[in-house]
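Colleague: Would you mind keeping the following structure in view while I ask a few things?
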Amino acid sequence: MRVIHVITRLIVGGAQENTIASVLGLRQKPGLTVDLLSGPTRGPEGSLEPALAGCPGLLTILPELVRPIHPWKDCLAWRRLTQFFRRQRPEIVHTHSGKAGILGRLAAARAGVPIIIHTVHGPSFGPFQGPLPNWLFRGAERYAAKVTTHFVVVAEAMKQQYLAAGIGQPDSYTRIFSGFDLEPFLSTSNDVHLRATLGFSPRDVVIGKIARLFKLKGHDDLFAIAPGLVRECPQIKFLLVGDGPWRERLEEKVRSLGLREHFRFTGLVSPQAVAPLIGIMDIVVHLSLREGLPRALPQALAAARPIVAYDCDGAKEVCLDNQTGFLLRAGDLSGLRAALLGLARDAPLRERLGRHGREFVKERFGVQPMVDELHQLYLRLAEKHAQRAGTSSVR
């Protein structure tokens, strides 16, 4: 059975890491031929394409598949995708991300692909954007849903949002948590040398945030309470992992607040560098206003670090209040301040929440369970298609 995955770009990010792990894992399953098609990867977010260097021929780049809306290139990308699917004749096309999700599904339907799957890694519409973009994205998703055989969601919250928008039926969704390699996080430690490299002492309480430095990621909320936190607990330090268009703006804010000794920016780091950095954090905070299920949260829990998160999309499915961390209403600055200050002052509480979180994640977020669930979904959908077609197997 031939399967082609399609994604808009392979930047350093959770959806992209999920897609690569899925493709590489599924290629090990008997009877499957799995390939990946992506648009070009450009910009300051980095690239995961080198992760596929050991598999020549696995990745095909489609230059016309770009992230911004571009009518001419979008039309050309749809045509090229259609031609590609007709040549390759896959039994399954599995799409990821917004642009590739729409164009890929429509092209697959045009090419006569029998099974079309789309993974919802995060919402393409919602209160984080204006009425016109919401109307456009909802309409596009409803239209593409007409040719979608099945949806995979990384969090139950995605299913509920899409159903509320009139997209699909309840039985056309399957939740599969976004698995990752747990071992680097399970074995990470509070490396005093790495701490010293970043200017942290063993006594400092490091609050870490792993996110692109851009809007909707909640950095402004963290900066709003940072001066008060430092006054109450001078040992608090902040470690911001990631890069993006807001870096200069945020660094200037640090200077204007007089907190240069309390903030460190790592810039863009490789996926392999994330586990050691989480290891030197005492608390991980995630304040995004748009996310599917933030990968930083289960990664932090795998490292036995407590989490503090806004109740956005799938965060509540891993941030269990007073069990693995503290879940807050978005924008609740007083609650955010109290949660971070309480954790900073209470090492046994951090240990209890982190220990519970590690056990929670170990049972649910491995790569192999994710790959196995995807494989079983493919087999079920293929069998259903065969039954409808009156044959014993798909093509």
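Colleague: In what sequence, highest mean first, do 281-293, 67-79 appear when ranked by Cβ atoms within 10 angstrom?
Modeller: 281-293, 67-79
Colleague: Round to the nearest 10 and give me the degree value, 0 to 90, for the angle of helix 333-345's Cα axis relative to the longest principal axis of the chain.
Modeller: For helix 333-345, the angle is close to 70 degrees.
Colleague: If you find the alpha carbon centre of the stretch 13-79 and of the stretch 155-219, how far apart are they in angstrom?
Modeller: If you average the Cα positions of each part, the centres end up 22 Å apart.
Colleague: Using bins 20 angstrom wide from zero, how does P(r) for the chain break down, in % of all Cα pairs?
Modeller: All Cα pairs considered, the percentages come to 27, 55, 17, 1.
Colleague: How high is the FRET efficiency between residue 256 and residue 190 when r is their beta carbon distance and R₀ equals 25 Å, given to the nearest 0.05?
Modeller: Once rounded, the FRET efficiency stands at 0.20.
Colleague: Moving on. Report, in degrees rounded to the nearest 10, the 0 to 90 angle that the Cα long axis of helix 98-110 makes with the longest principal axis of the chain.
Modeller: 10 degrees
Colleague: Suppose all protein chains stay in the model; what accessible area per residue would a 1.4 Å probe give for the chain, in Å²?
Modeller: Result: 43 Å² of accessible area for each residue.
Colleague: If you roll a 1.4 Å probe over the stretch 150-292 with all protein chains in place, what percent of the accessible area is carbon or sulfur?
Modeller: Accessible surface attributable to carbon and sulfur in the stretch 150-292 totals 50 percent.
Colleague: In straight Cα distance, which lysines are under 26 Å from residue 253, not counting same-chain residues fewer than 8 positions off?
Modeller: Partners found: 209, 215, 217, 237.
Colleague: Excluding residue 39 itself, calculate the net charge of residues whose Cβ lies under 12 Å from the Cβ of residue 39, where each Lys or Arg counts +1 and each Asp or Glu counts -1.
Modeller: Around residue 39, the charge tally is +3.
Colleague: Of the options 88, 201, 136, report the single residue whose Cα projects farthest towards the positive end of the charge dipole of the chain (beta-carbon charges: Lys, Arg +1; Asp, Glu -1).
Modeller: 88
The values are calculated or read from the model by the stated rules, or taken from the named source; none is laboratory data. In this text, all values refer to a predicted model and were calculated from it rather than measured experimentally. Note that we place each Cβ from the backbone using ideal geometry, even for glycine, and neighbour counts take in every protein chain shown. Heads up: the accessible areas ignore ligands, DNA and RNA and are worked out on the full protein's heavy atoms, side chains in. Shrake-Rupley method; radii C 1.70, N 1.55, O 1.52, S 1.80 Å.
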